[in-house]
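These notes are about the structure you will find just below.
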Amino acid sequence: MKRIGCLLVLCLTVSLAFATLPDVTLKDINGKNVSVRALGESGKPIIISFFATWCKPCLRELKAIDDLYPDWQDETGVEMYIISVDQGQDSKKVKPFVEGYGWDFHVLLDPDETLKRAMNVQNIPHVFVIDSKGKTVYNHMGYTDGSEKEIRQYLR
């Protein structure tokens, strides 16, 4: 039974490495439509982080990434996309929330959780690293202090 479980994990890991981004269109915080699939076709690595304004671990993670992001951009050319799953009236809080922290991330809104479901995100925060060929090379659910250092390894 252990062998089957290990094989299943290996298969899931291998399939994850070859997955492409779903064909979903979201709005950014300025109301512009953005194709998620096209993000993976930019030729640059990208980070996708699902969050909500009310999520304390999300806030801690995004603050930690924000401190490292300029170095990551210089080193790899990475672009960061944060996906808000805030719903209803809370979705109107996202733009001032992000601007209040001065984050230089691309912000997309997923109030119906269409992308969240398509990427099989169960809980937030949830981070994906997509390589320059559009393949998912890393994903992580939850946040513990220092876990942002794993992201850098996969960006390289």
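The values are calculated or read from the model by the stated rules, or taken from the named source; none is laboratory data. Computed from a predicted model, the values in this text were never measured in an experiment. With ideal geometry, Cβ positions are generated from the backbone for all residues, glycine too; neighbour counts draw on all protein chains shown.
Listed by first and then second residue, the pairs linking a residue in segment 87-110 that is on the phi < 0 side of the Ramachandran plot and surrounded by fewer than 15 Cβ atoms within 10 Å (Cβ to Cβ) to a residue that is assigned to a helix (DSSP H, G or I) and among the basic types (Lys, Arg), with Cβ atoms under 8 Å apart and 6 or more places separating them unless they lie on different chains, are TYR101/LYS63. Could you tell me whether any residue of segment 64-74 is touching a His at 6+ places or on another chain (Cβ under 6 Å), buried (at least 17 other Cβ atoms within 10 Å of the Cβ), among the hydroxyl-bearing types (Ser, Thr, Tyr) and not in a loop (DSSP other than H, G, I, E, B)? So far as segment 64-74 goes, no, none of its residues is touching a His at 6+ places or on another chain (Cβ under 6 Å), buried (at least 17 other Cβ atoms within 10 Å of the Cβ), among the hydroxyl-bearing types (Ser, Thr, Tyr) and not in a loop (DSSP other than H, G, I, E, B). Of the residues TYR81, TYR69, TYR138, the single one that is of a type outside the set (Gly, Ala, Ser) and farther than 18 Å from LEU21 by Cβ is TYR69. Condition first: farther than 17 Å from MET119 by Cβ, modelled with pLDDT of 95 or more, surrounded by 14 or more Cβ atoms within 10 Å (Cβ to Cβ) and over 13 Å from the mean Cα position of the chain (by Cα). Can you find one or more residues in segment 34-49 that meet it? The answer is no, given that none of the residues of segment 34-49 is farther than 17 Å from MET119 by Cβ, modelled with pLDDT of 95 or more, surrounded by 14 or more Cβ atoms within 10 Å (Cβ to Cβ) and over 13 Å from the mean Cα position of the chain (by Cα).
Please verify whether THR20 is under 15 Å from the mean Cα position of the chain (by Cα), of a type in the set (S, T, N, Q), at pLDDT below 95 and more than 22 Å from GLY146 (Cβ to Cβ), treating the condition exactly as stated. For THR20, the condition - under 15 Å from the mean Cα position of the chain (by Cα), of a type in the set (S, T, N, Q), at pLDDT below 95 and more than 22 Å from GLY146 (Cβ to Cβ) - is met.
Annotation note: Cβ proximity below 8 Å between a residue of segment 126-138 that is touching a residue at least 60 places away in the same chain (Cβ under 8 Å) and among the acidic types (Asp, Glu) and a residue that is part of a strand (DSSP E or B) and surrounded by fewer than 22 Cβ atoms within 10 Å (Cβ to Cβ) (sequence gap 6+ or interchain) occurs for ASP131/VAL137. Note on segment 139-153: residues that are touching a residue at least 24 places away in the same chain (Cβ under 8 Å) and surrounded by 12 or more Cβ atoms within 10 Å (Cβ to Cβ) total 7. Every condition in (1) of a type outside the set (A, V, I, L, M, F, W, C); (2) without any contact (Cβ under 8 Å) to a residue 60 or more places away in the chain; (3) crowded, with 19+ Cβ neighbours inside 10 Å is met by GLU79 except one, and the failing one is (3).
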